[in-house]
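The next block holds one structure in the form of structure tokens; read it before the comments.
The values are calculated or read from the model by the stated rules, or taken from the named source; none is laboratory data. Bear in mind the structure is a predicted one, so any value in this text is a computation, not a measurement. Positions of Cβ are generated from backbone atoms using ideal geometry, with glycine treated the same way; all protein chains shown enter the neighbour counts.
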Amino acid sequence: MSKLDAFRLEVIRNAFVAAAEEMSVTIWRTSRSTVVREILDYSTAVFDANGRNLAQSARIPVHLNSMAGCLQVLISNFLPLEKWQEDNLILLNDPYNGGQHLPDIITFRAVFLDGARIGIVGTLCHHSDVGGGAAGSYYADATEIFQEGLRIPPLSIPSTNIIENAAVKVMLANVREPEKLEGDFLAQISALEIGKQAMQRIHSKYGNKIYSTACDQILEQSENQMIEAIAKLPNIEAHFEDFVDDDGHSDAAIRIAASIKTINGRIIVDFTGSNAQVMGPVNCTMVTTESAVYYALLSVLGPDIPANTGCYRPINIIAPQGTVVNCEFPAPVAGRMATAHRIVNVVHGALAELLPDKVPSAYYGTSYVYALSTTNADGKPLVYFEIEVGGGGASCNSDGANAYSCGLHNLSNTPVEMIEAEHPVTFLEYGLRPNSGGSGEQRGGLGLVRTWQLNSETGKFSANLERFRFAPYGLNGGLPAAPGSLVLKRDGGETELPSKLGNKFLKNGDIISLKTSGGGGFGPPEKRPIKAVKTDLADGYVSDKEL
Amino acid sequence: MSSKKSIVEEQGIRVAIDTGGTFTDFQIYDSSSGNSYELKTPTTPEDPSLGLVTGLEDAAKRFGFTLSQIDRITHGTTIATNALLQSKFPRGALITTEGFTDVLEIGRHVRKDVYSLEPEHKHILMCRRDRFGLSERMGASGTPIKPVCHKSLESIVEKITNNGIETIAVCLINAHVNAQHEIEVGNQLEKFFPTLPISLSTDITPEIREYERTSSVVLNALLRPIVETYISNLEARLKAIGINAKVFIIQSNGGVCSPATASKEPVRLFLSGPSGGAAAACHLSLLQNKPNLIAMDIGGTSTDVSIVFNGKTSDVYQSEIEGCALKIPMIEIRTIGAGGGSIASISKPANLRVGPESAGANPGPAAYGLGGELATVTDAHVALGTINPNSFFEGKLDLSGELSRKVIDVNIAAPLQSSIENAAEGLVEVVSARMSNAIRLSLFEKGLDPLDFSLVGFGGGGGLHAIQVAEEIGIKHVLFPRYASTFSAYGLLWSNIIHDFVVSVYGPIKETGKQIIKAIEKLNKDALQQLAEDSIALKNSELKTALDLRYQGQAFELSININSDQDASYIIDQAIKDFHDLHKLRYAYSQPEAVIELVAVRLRAIGTIGYSARPAPPCMSEESIHKRDIYHEGAVKTVNVYKFDNLLANEIIEGPVIIEQPYTTILIPAHWNTQLTEFGDLEATKRENSE
């Protein structure tokens, strides 16, 4: 088959993107938990017959860039491609078999047409709870994965009458809010069906020759664009390091170090020198680390390059086994985003040495996760789960964005009115946090304040937070942002709480206040134009009052 | 309104005016003769009412009527959209619950471009110094936690006074459950600021989700001074030229309202233009007896897609414009950034992109000769010969085929080492494919099959892409309306008065029987009162009630129509059944055992203001067919070129052929036939034997 022209190729590539988007809309519209339907913590993607990622929905980078890796692990360790069956569903959440952490349930389905496998469709959904030591399954006290919830190894089960399946029944019996998990899981299954139909339609329209040529060329095109971008980098080795605050068990800072160099059109990212894996749940499996690196490189080298497996080909990642960036079984991993975001901060920091005008200062660099467990009037468990963001890093030509979902995740927020309608809390404040952006010629974006009061006799609170000690860095003379904090107000007194917290008991009237970090500043603060300083003061983004 | 018989009783002239960014479109219907006319004039952006009035005078001269004969004007305006696009707003203040003044700025903080490190542009609408926190708090159950603190309110009033604030928005937390505090604050503010417009969130959209409600009421507040000025200018200008017609303004829901309502709730005008196109498609669906249509309006910078299913468009209750959330009922329209002015480019190595960047009206496509150096979709058509450079826009705009060929060559053909014609045809194909994807997504969301639909192509570019799009999604019938380039205005001509009302009722549906009945009573009362204010007779009014339902825990509701004359248990049982069915149709599954939650009771009040069948078009003068060379399907072909107005009914014309209208061009490709329908529209059908 000769090559397809650029027009035909673009038409077919867009059709694959549309297939992934149709799947995404299906999950959004039918999901049940606030984490999926409001916060939008899910992703969808389509793959060719060999399991290579062709197109992604515009959702969460850390999911999207892990799904091809996950699929490769499945194919080589669990079920070779030729054994995938038309009517079966593949599902898993096991971090030690291609997953990232237990709340993320991943589903795949092979797409067949006239008896031949033509592609694979996949979804990844963050479920609000999969059991384990704390509500929301972010158990900060965990020291091994067994405490983190239900672990589902790769399974191949019939895709019909799914709720009656024994494996699904076991899942539902082990989680705090089975109705939500069931609803979100059905949304995932429904999206696979929609994706399957879309892939079949594309294949029928063009026929196998054009279809498979297009698959090859789509990947090739992205690969070539990536190689071209790499070729433009200066030929020097760049180093950068940053730290994760702690693992929740000791005060020891966790070092993440990376060096970046290019050899013959390839880019090598080496994490040698990073911390050994830790006792608490901030470890990353290799799939998570790869996903973070892919995102970090793509965002700087080619944000316009269509993201797919082709982009990954010129990238080599060295992450020694047994380190916090490539942990070994049975290390706990629930809070892996603390480290994964830091990987992005570090790779961006190293790239800033190579491309000083292209890389912004550090964004807040963590997923601010907490969960409150209460019971409803019928005594059923109720989980209020939150993932919050902070401020964006400033760049050479703009201030950082205030309260903006940056980097490795891409999350929305849950409306306060929605939370109050479902959970026994009253919010006192949800707003921007003045003075939290790093000063600079361009100012870092502001973080957020979330303060609420418990209106229930008891509640259990757990948190996986970060950036309380090591603030998001500034570049080019810009200052770091303000770090985050967590405070408990009880009986008129105030207590600073640690960033990682497992099952803290709360009582009626307790107030929890989370402040998230801003983004780093860019350029020396004394070069900030007077007009911008005046606006900052008039609008209270910056204040001389201690806040 | 199911019969095709005319129920128009008036004898005067009815005019519909659709003011767009570049052109103002007119449709004129003379009810005494049954004739209708179209006209296009340039828009005057500084004060669009000026160009509007000039156009009316021009139309009267051209079509031979006097201005005083006009008895009804229906007007669609982009004034709200333009104000937002250009951020040209007066200074406004927001009063909200203490602790929540940043909700407007935080928004939902998600990004659309996953890999970009540049933050997306955000309209903050009201800056932080103009947002004030009021000491008060309503609980989630509707019980006040803290009363409105008058001292706190007075201190806010003091800060607003003499500070250049021209409009005020109020949005308090949980006001959707109990609006008491908002009403109290509103009353106080009216005393302090008798001349300032004050907008309350619960008057605009009494629904849960504080950001969406705040954003909606803030947009409303900011638009009020602008729309008030515009409407009073318009009324004065109309009066000055002797027009004494009743004026209606079209809203995003496809219905019209009085100028007074438009001034008070201008946030309802955002889709004022595009909703005319959807309304026109509904009208066409009825006329042609084709219940399922896809309406595709291809303009200069964007394409709007709406779906008519069983004769009706559907509505959405939440949407986004320029990144600002809007919780206002709107006709469901999907807009993509692809149109005649969309720019094509090659990023290295060999990755073709078309749009969403647009050349706009100035410099516009290179063919305009205004200095455009980038290749646009229009240039591709000129290079292919499908657009005749000498008869563009009634021949008033001279195009340069040479310039078009040059930009296609430099920007596309040379980098890809292809011929100019091949590049131009490829470019057109890529744009059509993007439009097809948008249509497929619109149908897909409703669980509908393209094979059950006909496509309607209109707007400046509809004629050149519609059949290619139809081929791409497997549709075999395409309609080109007689007035393709002023079709949205045509829709405005026949729009009804529509008012939407909503009451939030939250809980498992089986436990809400009493609340549903209470809500229906309140909604009916409000609706009848409003229709009476519009002087709509009872026999010309229609009330439609619906429940917004979802499975417990879902974020999105499906609207289920109910028969509000029935008792509660009948309504509930029927709604539950219909909900499961619709969920299954749209999302491929239903859960019969799951709890269904009611979120809101909605009522739409419709006042029919007349509708008429279109008379068959007069047979025009003798044919004047000429021939032209176009590049089509990989080769140069000599094709016949017809004038639309000269076509004869029942004559079957085989493609490839070009049909020209005063403001637009239609391409009927090989393998397709076309003929006039009895109402004077053009229908194209794929030939049976072709594949």
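Are there any pairs with C-beta distances below 7 angstrom linking a residue in segment B:259-278 that is touching a residue at least 40 places away in the same chain (Cβ under 8 Å) to a residue that is among the aromatic types (Phe, Trp, Tyr), with the two at least 6 apart or on different chains, and if so which?
So the pair list comes out as B:277/B:458; B:277/B:487.
Could you check how many residues of segment A:290-303 are touching a Lys or Arg at 6+ places or on another chain (Cβ under 9 Å) and either within 24 Å of residue A:322 (Cα to Cα) or free of Cβ contacts under 8 Å to residues at least 60 places away in the same chain (or both)?
Within segment A:290-303, residues that are touching a Lys or Arg at 6+ places or on another chain (Cβ under 9 Å) and either within 24 Å of residue A:322 (Cα to Cα) or free of Cβ contacts under 8 Å to residues at least 60 places away in the same chain (or both) number 2.
Take the conditions modelled with pLDDT of 95 or more and crowded, with 21+ Cβ neighbours inside 10 Å and apply them to residue A:142. Does it pass?
Spelling it out, residue A:142 is indeed modelled with pLDDT of 95 or more and crowded, with 21+ Cβ neighbours inside 10 Å.
Can you name every residue in segment A:154-185 that is part of a helix (DSSP H, G or I) and not hydrophobic (A, V, I, L, M, F, W, C)?
A:164, A:169, A:178, A:179, A:180, A:182, A:183, A:184
Yes/no per residue for (1) over 30 Å from residue A:178 (Cα atoms); (2) surrounded by fewer than 21 Cβ atoms within 10 Å (Cβ to Cβ); (3) out of contact with any helix residue (DSSP H, G or I) (no Cβ under 9 Å at 6 or more places or on another chain):
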| position | (1), (2), (3) |
| --- | --- |
| B:459 | yes, no, no |
| B:465 | yes, no, no |
| B:494 | yes, no, no |
| B:497 | yes, no, no |
| B:526 | yes, yes, yes |
| B:543 | yes, yes, no |
| B:552 | no, yes, no |
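Sort out for me the strands (runs of 3 or more DSSP E) sitting completely within segment A:461-547 that have 1 or more residues that are within 22 Å of the chain's Cα centre (by Cα).
A:485-490, A:500-507, A:511-515
Can residue A:40 be described as surrounded by 24 or more Cβ atoms within 10 Å (Cβ to Cβ), within 14 Å of another protein chain (Cβ to nearest Cβ), at positive phi and in contact (Cβ under 8 Å) with a residue 24 or more places away in the chain?
Criteria met by residue A:40.
Table: residues versus (1) within 18 Å of the chain's Cα centre (by Cα); (2) in a strand (DSSP E or B).
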{"position": "A:111", "(1), (2)": "no, yes"}
{"position": "A:118", "(1), (2)": "no, yes"}
{"position": "A:122", "(1), (2)": "yes, yes"}
{"position": "A:125", "(1), (2)": "yes, yes"}
{"position": "A:128", "(1), (2)": "yes, no"}
{"position": "A:133", "(1), (2)": "no, no"}
{"position": "A:136", "(1), (2)": "yes, no"}
{"position": "A:146", "(1), (2)": "no, no"}
{"position": "A:151", "(1), (2)": "no, no"}
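Check residue B:28 against each of (1) assigned to a strand (DSSP E or B); (2) among the hydrophobic types (A, V, I, L, M, F, W, C); (3) modelled with pLDDT of 95 or more and name the one condition it does not meet.
Of (1) assigned to a strand (DSSP E or B); (2) among the hydrophobic types (A, V, I, L, M, F, W, C); (3) modelled with pLDDT of 95 or more, only one is false for residue B:28: (3).
Give me the residue from segment B:551-564 that is assigned to a strand (DSSP E or B) and more than 10 Å from every other protein chain (Cβ to nearest Cβ) and, out of that set, nearest to residue A:419 (Cα to Cα). Can you show your working first?
Applying the first criterion (assigned to a strand (DSSP E or B)) to segment B:551-564 yields B:551, B:558-562.
In the following step, the residues that additionally are more than 10 Å from every other protein chain (Cβ to nearest Cβ) were identified as B:559-562.
On the way: B:559: 23, B:560: 26, B:561: 29, B:562: 30 Å.
Across segment B:551-564, the extreme among qualifying residues is B:559.
Can you tell me which residue in segment B:160-189 is modelled with the highest pLDDT, limited to those that are loosely packed, with under 14 Cβ neighbours inside 10 Å and either within 13 Å of another protein chain (Cβ to nearest Cβ) or assigned to a helix (DSSP H, G or I) (or both)?
Restricting attention to segment B:160-189, the residues satisfying the condition of being loosely packed, with under 14 Cβ neighbours inside 10 Å are B:161-164, B:187.
Okay, now just the ones that are also either within 13 Å of another protein chain (Cβ to nearest Cβ) or assigned to a helix (DSSP H, G or I) (or both), so B:163, B:187.
Details: B:163: 88, B:187: 97.
Looking at the filtered set, the residue picked out is B:187.
The rows are residues; the columns are (1) at the interface with chain A (Cβ under 7 Å from one of its Cβ atoms); (2) part of a loop (DSSP other than H, G, I, E, B); (3) surrounded by fewer than 18 Cβ atoms within 10 Å (Cβ to Cβ).
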{"position": "B:105", "(1), (2), (3)": "yes, no, no"}
{"position": "B:109", "(1), (2), (3)": "yes, yes, no"}
{"position": "B:114", "(1), (2), (3)": "yes, yes, no"}
{"position": "B:117", "(1), (2), (3)": "yes, yes, no"}
{"position": "B:122", "(1), (2), (3)": "no, yes, yes"}
{"position": "B:125", "(1), (2), (3)": "no, yes, no"}
{"position": "B:129", "(1), (2), (3)": "yes, no, yes"}
{"position": "B:133", "(1), (2), (3)": "no, no, no"}
{"position": "B:140", "(1), (2), (3)": "yes, yes, no"}
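Would you be able to say whether some residue in segment B:377-385 is in contact (Cβ under 8 Å) with a residue 40 or more places away in the chain, under 19 Å from residue A:6 (Cα atoms) and charged (D, E, K, R)?
The answer is yes; a qualifying residue exists.
Can you run down the residue pairs with Cβ atoms below 7 Å, 6 or more apart or on separate chains, where the first is in segment A:209-227 and at negative phi and the partner is of a type in the set (S, T, N, Q) and in a helix (DSSP H, G or I)?
Hits for this filter: A:219/A:309.
Can you tell me how many residues within segment B:380-418 are farther than 21 Å from residue B:639 by Cα, within 14 Å of another protein chain (Cβ to nearest Cβ) and either surrounded by fewer than 21 Cβ atoms within 10 Å (Cβ to Cβ) or among the hydrophobic types (A, V, I, L, M, F, W, C) (or both)?
8
For segment B:528-550, check the following and say yes or no: at least one residue is within 14 Å of chain A (Cβ to nearest Cβ) and in contact (Cβ under 8 Å) with a residue 60 or more places away in the chain.
Yes, some residue in segment B:528-550 is within 14 Å of chain A (Cβ to nearest Cβ) and in contact (Cβ under 8 Å) with a residue 60 or more places away in the chain.
Please go through (1) in contact with a helix residue (DSSP H, G or I) (Cβ under 6 Å, 6 or more places away or on another chain); (2) modelled with pLDDT of 95 or more for residue A:57 and return the number of the only condition it doesn't satisfy.
(2)
With B:35, B:82 as the choices, which residue is under 30 Å from residue B:608 (Cα atoms) and more than 25 Å from the chain's Cα centre (by Cα)?
Working: B:82 fails: more than 25 Å from the chain's Cα centre (by Cα).
Of B:35, B:82, the one residue that is under 30 Å from residue B:608 (Cα atoms) and more than 25 Å from the chain's Cα centre (by Cα) is B:35.
The rows are residues; the columns are (1) farther than 26 Å from residue A:459 by Cβ; (2) of a type in the set (Ser, Thr, Tyr).
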| residue | (1), (2) |
| --- | --- |
| A:106 | yes, no |
| A:111 | yes, no |
| A:126 | no, no |
| A:159 | yes, yes |
| A:188 | yes, no |
| A:203 | yes, no |
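Picking from A:435, A:410, A:402, which residue would you name as being under 29 Å from residue B:146 (Cβ atoms), within 9 Å of another protein chain (Cβ to nearest Cβ) and not basic (Lys, Arg)?
A:402
Those residues that are of a type in the set (S, T, N, Q) and touching a Cys at 6+ places or on another chain (Cβ under 7 Å), I need them from segment B:108-157; list them, please.
B:135
Kindly provide the set of residues from segment A:60-71 that are in contact with a helix residue (DSSP H, G or I) (Cβ under 9 Å, 6 or more places away or on another chain) and more than 11 Å from chain B (Cβ to nearest Cβ), ordered by number. Spell out how you get there, then give the answer.
Step one: of segment A:60-71, the residues in contact with a helix residue (DSSP H, G or I) (Cβ under 9 Å, 6 or more places away or on another chain) are A:61-70.
Within segment A:60-71, A:66, A:67, A:68, A:69, A:70 qualify.
In contact with an Asp or Glu (Cβ under 9 Å, 6 or more places away or on another chain), small (Gly, Ala, Ser) and at the interface with another protein chain (Cβ under 9 Å from one of its Cβ atoms) - does that describe any residue in segment B:148-156?
no
Can you tell me which residue in segment A:185-232 is surrounded by the most Cβ atoms within 10 Å (Cβ to Cβ), limited to those that are among the basic types (Lys, Arg) and more than 9 Å from every other protein chain (Cβ to nearest Cβ)?
A:196
Restricting to segment B:78-103, give me the number of residues that are aliphatic (A, V, I, L, M) and either closer than 18 Å to residue A:388 by Cα or within 14 Å of chain A (Cβ to nearest Cβ) (or both).
As a first pass, look at segment B:78-103 and keep what is aliphatic (A, V, I, L, M): B:79-80, B:83-85, B:93-95, B:103.
Right, trim to either closer than 18 Å to residue A:388 by Cα or within 14 Å of chain A (Cβ to nearest Cβ) (or both) and you get B:93-94, B:103.
Total meeting the criteria: 3.
Test residue B:106 against the stated conditions and say whether it is free of Cβ contacts under 8 Å to residues at least 60 places away in the same chain, under 30 Å from residue A:298 (Cα atoms) and of a type outside the set (Lys, Arg).
No; evaluated as a whole, the condition is false for this residue.
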